[in-house]
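Just below is one structure, and these are the notes that go with it.
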Amino acid sequence: MTIQEIFKLAAEKNASDVHLVANAAVLLRIDGELVEIEPKKILSAEEIEKMILSLLTEEQKQRFINDKELDFSYENKDETRFRVNLLYDRGNMGLVARVITEVIPTLEDLGMPKVVYDLANLQQGLILVTGPTGCGKSTTLAAMINYINQNRNCSIITLEDPIEFMFEHNRSTITQRQLGTDMVSFGQGLKHVLRQDPNVIMVGEMRDLETIGATITLAETGHLVLATLHTYSAAQTIDRIIDIFPPYQQTQVRMQLSVTLAAVISQRLVNKIKGGRMAAREILINTPAVSNLIRENKIAQIKTVIETSSKDGMVSLDHDLKKLYDTKIISKETAQAHMNNPELLEKFRII
């Protein structure tokens with residue numbers, strides 16, 4: 001099979017990812033599980049190298065050879081798009097490609113609660129979408145940008161690596177900037193974005209101290225900023241942001257977050273009974289009580305606030321998993337596997 005045929009097969013099978021590793025069969029991640037598509041067909045390092053190099057321009061080849069890593073987007077002949085990461089494994093080239101859905105999902109498609117619509121209508125503040133790799137963070141951001149595009153007159157600027165969902169101008173004007181081709185670094189892109197007259201800014205990923213600091217500062221300037229972070233829960237997200245700064249800056253960062261943070265949407269994908277996966281979410285809204293806990297460095301108490309503040313639109317992960325179980329979308333085993341307190345599953349049922 002050619003790399004294009006592998007990509008086409010991945011799209012047909014609704015896979016989320018493609019893995020190519022030297023001296024192994026082609027792997028597709030389907031409903032969270034890695035599956036060999038031809039178990040007896042082992043690809044050599046030379047075959048994989050030939051496949052990978054066929055995807056690249058001369059400039060990309062040189063960057064990959066020099067940096068030993070490369071991220072880029074690729075569109076197959078059938079117009080399916082992929083977010084591709086290239087790497088070296090024991091001296092051999094390897095590839096992991098994420099399948100990008102052609103149709104941009106709506107908030108309704110993703111089963112978002114009303115509070116997320118309210119968040120997308122905010123004029124300013126920082127909204128963080130978090131979770132482990134492959135949990136649909138980019139999809140959630142895309143749905144929120146899509147909602148803003150359809151309902152508000154805004155200038156939206158996205159900074160991505162690489163560009164995943166391709167937006168068309170609707171009520172809003174959307175400028176999509178890709179690392180490497182449209183900007184040198186996230187830091188540089190964020191430094192100059194205020195001169196590009198944005199209302200809404202989307203940062204594909206807050207990767208390091210420079211990007212996190214710049215993103216928080218942008219949210220202080222009266223813009224709505226959406227970003228992602230690889231963290232497991234809302235409380236851990238706040239801890240991670242604060243801890244990345246040196247000790248002498250952490251008090252200032254807590255003050256900034258207590259004012260600028262609008263919400264944290266933390267999610268993970270769970271298997272549905274009837275096949276496929278969907279997101280279970282924890283949602284933290286920055287109420288005065290939460291703001292005070294952040295400012296006073298009492299992050300450990302945030303979990304309790306989430307569990308007792310459903311009236312403010314907050315959702316605990318356990319509550320969301322209970323709801324999915326009670327409505328027969330996920331199994332008892334799946335719910336308990338992801339819950340913080342599995343024994344609570346049968347204490348009460350959500351109607």
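The values are calculated or read from the model by the stated rules, or taken from the named source; none is laboratory data. Remember, predicted model here, so these are calculated numbers, not experimental data. Here Cβ is always computed from backbone atoms with ideal geometry, including for glycine, and neighbour counts include all displayed protein chains.
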task: Output the residues belonging to segment 150-169 that are of a type in the set (S, T, N, Q) and surrounded by 22 or more Cβ atoms within 10 Å (Cβ to Cβ).
output: THR158
message: Quick check on LEU28: is it closer than 24 Å to ARG177 by Cα and either surrounded by fewer than 19 Cβ atoms within 10 Å (Cβ to Cβ) or modelled with pLDDT of 95 or more (or both)?
response: no
field: Single match in PRO288, PRO342 (criterion: closer than 25 Å to ASN121 by Cα and surrounded by fewer than 16 Cβ atoms within 10 Å (Cβ to Cβ))
entry: PRO288
message: Condition first: in contact (Cβ under 8 Å) with a residue 12 or more places away in the chain, in a strand (DSSP E or B) and surrounded by fewer than 13 Cβ atoms within 10 Å (Cβ to Cβ). Can you find one or more residues in segment 72-86 that meet it?
response: no
- request: Please indicate, with yes or no, whether at least one residue in segment 178-197 is polar (S, T, N, Q), buried (at least 18 other Cβ atoms within 10 Å of the Cβ) and outside the structural domain of ASP17 (by TED's automatic domain parsing).
  value: yes
- line: The residue that is nearest to the chain's Cα centre (by Cα), considering only those in segment 14-52 that are in contact (Cβ under 8 Å) with a residue 24 or more places away in the chain and farther than 30 Å from GLY276 by Cα, is GLU49
- prompt: Out of all the residues in segment 172-191, is one or more touching a strand residue (DSSP E or B) at 6+ places or on another chain (Cβ under 8 Å), closer than 18 Å to SER138 by Cβ and among the hydroxyl-bearing types (Ser, Thr, Tyr)?
  reply: yes
Within segment 60-72, tally of residues that are out of contact with any Gly (no Cβ under 9 Å at 6 or more places or on another chain) and either within 23 Å of GLY32 (Cβ to Cβ) or of a type in the set (Phe, Trp, Tyr) (or both): 1
query: When you scan segment 239-351 for helices (runs of 4 or more DSSP H) that lie fully inside it, which ones turn up with 2 or more residues that are outside the structural domain of LEU218 (by TED's automatic domain parsing) and basic (Lys, Arg)?
result: 317-326
